[in-house]
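Presented below is the structure to which this report refers.
Throughout, read-outs are computed from the coordinates displayed, never taken from laboratory work. Owing to the predicted nature of the structure, the values given are computational and were not obtained by experimental measurement. A quick note on method: Cβ atoms are made from the backbone with ideal geometry, for glycine too, and the neighbour counts reach across all protein chains shown.
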Amino acid sequence: MKYFKRIFPTLVLLLCLTKLSVAQTYRILISNDDGIESPLISTLKTEISKLPNVEVVISAPAENQSGSSQSTNSGPLEVEKVFKGDQFLGYAVSGKPADAVRFGIRVLGKEKPFDLVISGINRGSNVGNVSHLSGTIGAAMEGLYHGIPAIAVSQESRGVNTEATSRFIAQLVAKYQKDGAPKGIMLSVNIPAGELKGIAVRAMGDAYLDMGNYELKSETDNKMVYNQKIGFVQSKNNQTDTFAYQAGYVTITPLKFDWTAFELIESITNWGLKLEKE
């Protein structure tokens, strides 16, 4: 009995420390739109997992779903555990990026909710209003839809050190761990190729892609086939993410889920629109 009294304070302390350690575990869900087989998502998981007190779970599309925005599949989802060698990598989901994130949040995070969603690393930039088409952005926005802060990370297709990109994102995660993430905000991070000139926090800018050029390839009586030619556009607005990215800066753009143009609500209300009476 005397022995128990002596060790009782130590047992209480150990129990409290154990509970504190569990409480401080920061759960991160990683997805992408390039598919779970992309080596970039594996590199990101490896680097983020080096942070203290984090648990990283991958739930990503089984196949490449680039350009799918926040679209979704309405049918059944097939989910497969994927291994890299003898190490468990994550869950491959037979759907869009948003489906993979939703599955992760609702199923994998049902008992232990996630603190953060990271989408990427995408192969190719997502600056400017072309971002609305991006599955990488769409996956991150799905996190916001469920009330979870998110980061979308993209890098130039070539000439970028993926490990360095992952370490940069790890800085943001560490910041969120320490101070908390901004509520209702998704950060879109883009890493250009070549020598990096600095970090620029900028608003979403103009499109860097011109996708409106169509060339008639063939034509029959009732059918026409067009080739779409995609061109690159140099931004002229130096206040935007597009301009900064093209100038060699890492860009960070804070985005919200709500697209409402609040400044027009009162104006449209006073347009005098009327409904027909039956």
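Sparsely packed loop sites in region 168-274 (the GluC sites (Glu not before Pro) outside DSSP H, G, I, E and B with at most 11 other Cβ atoms within 10 Å) comprise GLU195. Sorted fewest first by neighbouring Cβ atoms within 10 angstrom, ILE41, ILE30, ILE148, ILE230 come out as ILE230, ILE148, ILE41, ILE30.
How large is the translational diffusion coefficient of the chain in µm² per second when you combine the Kirkwood radius over alpha carbon pairs with Stokes-Einstein at 25 °C and 0.890 mPa s? Display every interim value, and only then the final one.
On the way: Rh = 21.0 Å.
Result for D is 117 µm²/s.
Apply the a/c threshold of 1.5 to the C-alpha gyration tensor of region 191-231 and tell me whether it is rounded, prolate or oblate. Judged from the Cα gyration tensor, region 191-231 comes out prolate (a/c at least 1.5, a/b above b/c). Candidate cross-link partners of LYS256 among the lysines, defined by an alpha-carbon separation under 26 Å and a same-chain spacing of 8 or more, comprise LYS45, LYS96, LYS110, LYS112, LYS175, LYS178, LYS183, LYS236. Projection of the Cα convex hull of region 90-140, averaged over all directions and equal to a quarter of that hull's surface, yields 4.1 nm². Gain on full extension, evaluated as 0.36 nm per residue between GLU276 and LEU216 minus their Cα-Cα distance, stands at 17.2 nm. Between THR43, THR242, THR251, the residue with the greatest mean-square fluctuation in the GNM of the chain (Cα pairs under 10 Å linked by springs) is THR43. Note on LYS217: lysines with a C-alpha under 22 Å away, same-chain residues under 8 apart excluded, are LYS229.
Taking the three principal axes of the alpha carbon atoms in region 181-278, the coordinate ranges are 65, 50, 25 Å, sorted in descending order.
By other beta-carbon atoms within 10 Å, ranking ASP34, ASP86, ASP179, ASP241 with the fewest at the front produces ASP86, ASP179, ASP34, ASP241.
Which loop-located trypsin sites (Lys or Arg not before Pro) does region 144-216 contain, where loop means any DSSP state but H, G, I, E or B and the Cβ has at most 10 other Cβ atoms within 10 Å? Hits after loop and neighbour filter: ARG158, LYS183.
What is the order of VAL233, VAL189, fewest Cβ neighbours within 10 Å to most? Each step should come with its number before you reach the end.
Working: VAL233 13, VAL189 23.
The order, fewest Cβ neighbours first, is VAL233, VAL189.
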